[in-house]
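A quick write-up on the structure given underneath.
The values are calculated or read from the model by the stated rules, or taken from the named source; none is laboratory data. A quick note: this is a predicted structure, and the numbers were derived from the prediction, not measured. Counting neighbours? That spans all protein chains shown, and the Cβs are built from the backbone with ideal geometry, glycine included. Accessible surface areas use protein heavy atoms only, side chains included; no ligands, DNA or RNA. Shrake-Rupley method; radii C 1.70, N 1.55, O 1.52, S 1.80 Å.
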Amino acid sequence: MPPAERERLRTLARRQAELAALPVMRRRRQLWTDINDGRSGTRPPFAIETWTFDRDFLPDSLLECRTEYGRRVERTLLRHIRHHEILGDDHVCPDTFDIAWHAWCDEFGIEIPEHRAEDAEGVETAYRFEHPIRNLCDGFAMLKPSTYGVGREATFAERTFLEELFGDLLPVVIREAPYGRNCLTQRALRLMSMETFFMAMYDCPDALRGLMAYLRDNAIGLWRWAEREGLLVLNNGNQCTCGTCFNFTTQLPRRPVEPGQVKLSDLWTGMDSQETVGVSPALFHELIFPYYRDIAALFGFVYWGCCEPVDPIWETSISQLPNLRAVSISRWANQAFMAEALQGRQIVYSRKPNPNLLGVSAAFDEDAWAAELRSTLELTAPRGLPTEFVVRDVYSLHGNLDKARRAVDIARREIDRYYPPVERNA
């Protein structure tokens, strides 16, 4: 790495460490901890996920490094810094630089070609797969059990390189375990089209059960392998299970844990089933839910959901999910129903405000944004529900980052109406 890039990364690492040490970060950590510990009446944190609108938030023009690896590290450091300096939301600036195990997984034993398309600004937005299964009734014998491995030497070499680069300023930690592919219906839609998936529920339900069991076993096999290999790392702090929903909690692990001895029961995990929005609650419970339930039973805490509404399948299925600690309440969910359902259960009401209000129009309708937030607070605050606001799926700010900062300011103003204002000086 050229000397200029080394100096650039050291400067950014120093700045991230400075931000991580600010008193406001300690207060934010406590906020997320109280929410995830299920403390009634805790002030809701508010965070915006930025990677979807990097065309505005973190464009390539900001990068000074020219080597591929240097730009990757630079982008990671800049994201945390700009979160605080530009957005000022409740993102907690990390006091470490985290890297992932150099792990690999051949999920199905066959190649599935993928094609991507760019939007008018050259940003990859759409994709499609060449599905290997055209009719599930014909079976899926071409699929093989997942195989996986880890490059320990490569992982340790990366850590050593970064420690020599800026470890005196910002500790380097191997933090990320291999992803367990818990969103089973998402994996199924890599293998077949939505039409094939839905028709199989009626034409050959036993074959679909077999496929779901295969996907469940693949996910559990990968997680169990990572557990045996000592690759699991506690994720009860400044990590995210679903988007920008931070994992801070005092309730995991439930026992003293030494490095390399972490079990699945010590971890948060996330899962969703966006692909089954059009499936009846009874059919979901019969054909899909049992396989998610088996995976959820292995973990300490589970975050359920993404953009799909949870209320249609709440009573029949999700309310029975083992170790459930947080539920995504998207713009399509029945907020009032879920507020009543979660009352007194110490499950986080993870509200996803309508991203269209922030990202679709060049002009920002501040009144509509405020009303969107109040629609939640009016339901959750009187009930004392542990509530968080996480803004996701904003794909463009039309070059105006002030919209995002203004969205944060308005959110804080509205939250202040229901909870005691907090000191926000750094």
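Yes/no matrix, rows are residues, columns are (1) touching a strand residue (DSSP E or B) at 6+ places or on another chain (Cβ under 7 Å); (2) closer than 21 Å to I220 by Cβ; (3) of a type in the set (A, V, I, L, M); (4) at pLDDT 95 or above:
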residue	(1), (2), (3), (4)
A117	yes, no, yes, no
A120	no, no, yes, no
V123	no, no, yes, no
A126	yes, no, yes, no
P132	no, no, no, yes
N135	no, no, no, yes
F140	no, yes, no, yes
L143	no, yes, yes, yes
S146	yes, yes, no, no
Test result for I174, within 24 Å of R72 (Cα to Cα) and touching a residue at least 24 places away in the same chain (Cβ under 8 Å): yes
Which condition number does S61 fail, the rest of (1) within 30 Å of G384 (Cα to Cα); (2) open to solvent by 30 Å² or more (accessible area, probe 1.4 Å); (3) of a type in the set (S, T, N, Q) being met? (1)
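Filter region 393-410 down to the residues that are in contact with a Ser or Thr (Cβ under 7 Å, 6 or more places away or on another chain) and surrounded by fewer than 22 Cβ atoms within 10 Å (Cβ to Cβ) and list them by number.
Of everything in region 393-410, those that are in contact with a Ser or Thr (Cβ under 7 Å, 6 or more places away or on another chain) and surrounded by fewer than 22 Cβ atoms within 10 Å (Cβ to Cβ) turn out to be D393, Y395.
When you go through I329, I288 one by one, which is the residue that is closer than 29 Å to L191 by Cα, surrounded by 19 or more Cβ atoms within 10 Å (Cβ to Cβ), among the aliphatic types (A, V, I, L, M) and within 21 Å of the chain's Cα centre (by Cα)?
Being closer than 29 Å to L191 by Cα, surrounded by 19 or more Cβ atoms within 10 Å (Cβ to Cβ), among the aliphatic types (A, V, I, L, M) and within 21 Å of the chain's Cα centre (by Cα) holds for just one of I329, I288, which is I329.
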For region 379-398, how many residues meet the condition of being in contact (Cβ under 8 Å) with a residue 40 or more places away in the chain and over 25 Å from the mean Cα position of the chain (by Cα)? 1
Please give the helices (runs of 4 or more DSSP H) falling wholly within region 137-243 in which 1 or more residues are crowded, with 18+ Cβ neighbours inside 10 Å and in contact with a Cys (Cβ under 9 Å, 6 or more places away or on another chain). 194-203, 205-228
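This table checks each residue for (1) among the hydroxyl-bearing types (S, T, Y); (2) modelled with pLDDT of 95 or more; (3) within 25 Å of R79 (Cα to Cα); (4) part of a helix (DSSP H, G or I).
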| position | (1), (2), (3), (4) |
| --- | --- |
| L373 | no, yes, no, yes |
| R383 | no, yes, no, no |
| Y395 | yes, no, yes, no |
| R405 | no, yes, yes, yes |
Subset of region 34-51 [buried (at least 20 other Cβ atoms within 10 Å of the Cβ) and either assigned to a helix (DSSP H, G or I) or at pLDDT below 95 (or both)]: I35, N36, T42
Need the failing condition index for G278 against (1) at pLDDT below 95; (2) crowded, with 17+ Cβ neighbours inside 10 Å, just the number. (2)
Tally, over region 110-136, of residues that are open to solvent by 90 Å² or more (accessible area, probe 1.4 Å), of a type outside the set (D, E) and in contact (Cβ under 8 Å) with a residue 24 or more places away in the chain: 1
